[in-house]
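Colleague: First the structure, which I've put down as structure tokens, then a few questions once you've had a look.
What follows is calculated from the coordinates using simple rules that are stated; it is not laboratory data. Bear in mind the structure is a predicted one, so any value in this text is a computation, not a measurement. Note that we place each Cβ from the backbone using ideal geometry, even for glycine, and neighbour counts take in every protein chain shown.
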Amino acid sequence: MEALTTLAKVDTGDTAWMLAATALVLLMTPALGLFYAGLVRSKNTLNTFMMSIAAIAVATVTWALIGYSFAFSEGNDIIGGFDYAFLKDVNFEPLPGQTIPHLVFFAFQATFCIITTALVSGAVVERMRFPAFLVFAALWSVLVYGVLAHWGFGPGWLFNGGTLDFAGGIAVEMASGFSALAAALVVGARKDYGRQALLPHNTVYVLLGAGLLWFGWFGFNGGSGFGTGTNSQLAFTNTLLCPAACLLMWFLLDALRGRRVTAVGAATAIIVGCVGITPAGGFVSPGYALLLGALVALPCYGLIAYRTRTRVDETLDVLAAHGIAGFTGILFIGFFAQVDWGGADGLFYGNAEQLWDQVKAAVAAPAYAFGATYLLLRVLGALMPLRGPERDEAQGMDVIHHGEEAYASGEGAILVSESTPAKTPVPVADPG
Amino acid sequence: MKLVIGIVRPEKTNDVLEALYRAEVRGISMSRVQGHGGELDRVETYRGTTVQVGLSEKMRFEVAVSDDFVQPTIDALCDGGRTGQVGDGKVFVVPLERAVRIRTGETDQGAVTPVGAS
């Protein structure tokens, strides 16, 4: 009977929505895999998609074992403790101030750790060895995501210090974006980068992936109020408005620059718009969400146009689409958030202090993400090779790491079974 | 007048095109083919179905050239396509009986000489 009185704090409506929202956010990771797979060359389709799938496998387990505890248990300002390690005390009882079971809260947060880990893969596709990525994902999800989630979501110094971040401008967007830059620098450019045109092999995948990401983002932002309250409703609706405005602005920029509106650009704009509203979703009015959508397109569009002219092969522009869009959203709160819409007043409503709180996050989170990821990959690179020989890259990661092709015709393939074992290949000469 | 056929690695396509361009060879056709040569077979597995694939993706260049251009074309295909490992491909040179440019009806030497070159 004692259990019942504590369980009474659980709200069934809130819990029902959070169960659905958790599933929506999980869908974003295969959607991201599809989006990324369409952007690479056909010989790397499966490997690129598999990096996202691998993030589900690796980050879920690390999150359950220790990541969740580092992010959400008390600990200190910088990192949580071991109170929830191995899911200790993660049960049906809600956390203080919440109306959903702790277990559901854990699962919802797990899907954030997964998608963020998968996002970083965009910087290293088409060249990083799959085994090295698995180890990197395991360590990154704990040491980088776990720490930044503590700062932004958990009882860390930014969260406690009054920085507003509704759904993960700090831990998800800036963390993945600036880590991606570090990863691209350590792993290095693809061997063909800057020498050949490396084009997306299936733009339909890119659009479909972006569409599914947007769909999942309603759970991501709409669930980040941990219920069905007004801030969740606001974030949900803003997730419709902001990306739409961003799309229109992107069309305009495309048309001004190249006289044509591009499909890959549209897919990118959807992501940028969703990212922009992620930190601000529950704190700014719908009108400001539209403004943010139009604004956030500008720096991201500029960086993508600039980046391809550099030697930095941050392949799928995670820094621009996530890092810079998240950065913009975090700062936007400092100007335009309103108490009337669930936030604190920003600079335009007479509260300059809020802008300062946002600036702290916009400086500290990128610095930690970049530095920690750089160091992590340097150490990992000393212990195991991060990439294979050039001829592996020429053949494509699919055949090398997975023994499969995305578009196998089957023609000319000989069935191998126990009665007809594989012939020992006899090379004409040693391929050395 | 010869037809030069070059079969090269797909990832060397750009290098071959560049070498041909430098050699001022301009009339070319290109197609994706699958072939088997000295390379090792690769084994692939699709949910319990294991197969041995002996065919590799290659690019096939076809270049019809006048006699003066035969050697530069061969050199360009070899230089552009070479990695030094098994599987770099082959060049075949076959005699060409006739060539006709459809637009003008020019034949032979005139037909295989690019417009603008004399």
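Colleague: Within 10 Å of each Cβ in peptide B:34-42, how many partner chain Cβ atoms are there on average? Round it to a whole number, please.
Modeller: Mean shielding by partner chains, rounded to a whole number: 4.
Colleague: Treating the Cα atoms of the stretch A:184-324 as identical point scatterers in vacuum, please give the log10 of the normalised Debye intensity I(q)/I(0) at q = 0.11, 0.20 Å⁻¹, two decimals.
Modeller: The calculated log intensity ratios at q = 0.11, 0.20 Å⁻¹ are -0.43, -1.16.
Colleague: Report, in whole Å, the centroid distance computed from the Cα atoms of the stretch B:51-93 and the stretch A:212-265.
Modeller: 49
Colleague: For the stretch A:154-174 and the stretch B:98-114, what is the separation of their C-alpha centers, rounded to whole Å?
Modeller: Here the two parts' Cα centres lie 71 Å apart.
Colleague: Compute the Kirkwood hydrodynamic radius of the stretch A:127-247, taking the inverse of the mean of 1/r over all pairs of distinct Cα atoms, and give it in Å to one decimal.
Modeller: Mean inverse Cα-Cα distance, inverted, gives 17.2 Å.
Colleague: Something else about it: Could you check how many percent of all C-alpha pairs in the stretch B:2-112 are farther apart than 19 Å?
Modeller: Value for the stretch B:2-112 (Cα pairs over 19 Å): 51 percent.
Colleague: Per-residue counts of other Cβ atoms within 10 Å, averaged by peptide: what ranking do you get for A:298-308, A:217-227, A:154-164, highest first?
Modeller: Averaged packing, sorted descending, gives the order A:217-227, A:154-164, A:298-308.
Colleague: Using a 10 Å cut-off around each Cβ of peptide B:44-57, what is the average number of partner chain Cβ atoms that fall inside?
Modeller: 6
Colleague: Report, to one decimal in Å, the Kirkwood hydrodynamic radius for chain A based on all distinct Cα pairs.
Modeller: Kirkwood radius, chain A: 22.2 Å.
Colleague: Check which residues have an amide H placed less than 5 Å from B:ALA64's amide H, if you skip close sequence neighbours.
Modeller: B:VAL4
Colleague: OK, next. Using the membrane-span-like helix rule (whole DSSP H runs, Cα extent along the own axis of at least 20 Å, mean Kyte-Doolittle hydropathy at least 1.0), which helices of chain A qualify?
Modeller: Correct list, ordered by number: A:12-39, A:45-62, A:102-120, A:203-222, A:263-280, A:286-307.
Colleague: How far, in nm, would the chain grow between B:ARG32 and B:VAL100 when pulled straight, counting 0.36 nm per residue and subtracting the alpha carbon separation?
Modeller: Additional length available on full extension: 22.0 nm.
Colleague: Still on this model: Search the structure for amide H atoms under 5 Å from the amide H of B:THR50, placed 1.01 Å from N in the peptide plane, and list their residues when 5 or more places away or on another chain.
Modeller: Distant-sequence amide H within range of B:THR50: A:VAL416.
Colleague: Helix-only estimate, please: 222 nm mean residue ellipticity of chain A, summing -39500 (n - 2.57) across DSSP H runs of length 4 or more and dividing by its residues, to the nearest 500.
Modeller: Values: 16 runs with 250 residues, N = 432.
It comes out at -19000 deg cm²/dmol, rounded to the nearest 500.
Colleague: For the ranges B:10-16, B:45-51, what's the packing order if you count other beta-carbon atoms within 10 Å of each residue, average per peptide, and put the highest first?
Modeller: Top to bottom by mean Cβ count within 10 Å: B:10-16, B:45-51.
Colleague: Evaluate the Debye formula for the stretch B:57-118 with equal point scatterers sitting on the alpha carbons, no solvent, and hand back log10 of I(q)/I(0) at q = 0.12, 0.22 Å⁻¹, in q order, two decimals.
Modeller: Each listed q maps to, in turn, -0.39, -0.96.
Colleague: Considering the Cα trace of the stretch A:353-394, what is its radius of gyration and what is Dmax, both in angstroms?
Modeller: Here Rg and the maximum Cα pair distance are 17.3, 55 Å.
Colleague: Exactly which trypsin sites (Lys or Arg not before Pro) in the stretch A:219-288 are in a DSSP loop and have at most 15 other Cβ atoms within 10 Å?
Modeller: In loop regions of the stretch A:219-288 (DSSP not H, G, I, E or B), the sparsely surrounded trypsin sites (Lys or Arg not before Pro) are A:ARG259, A:ARG260.
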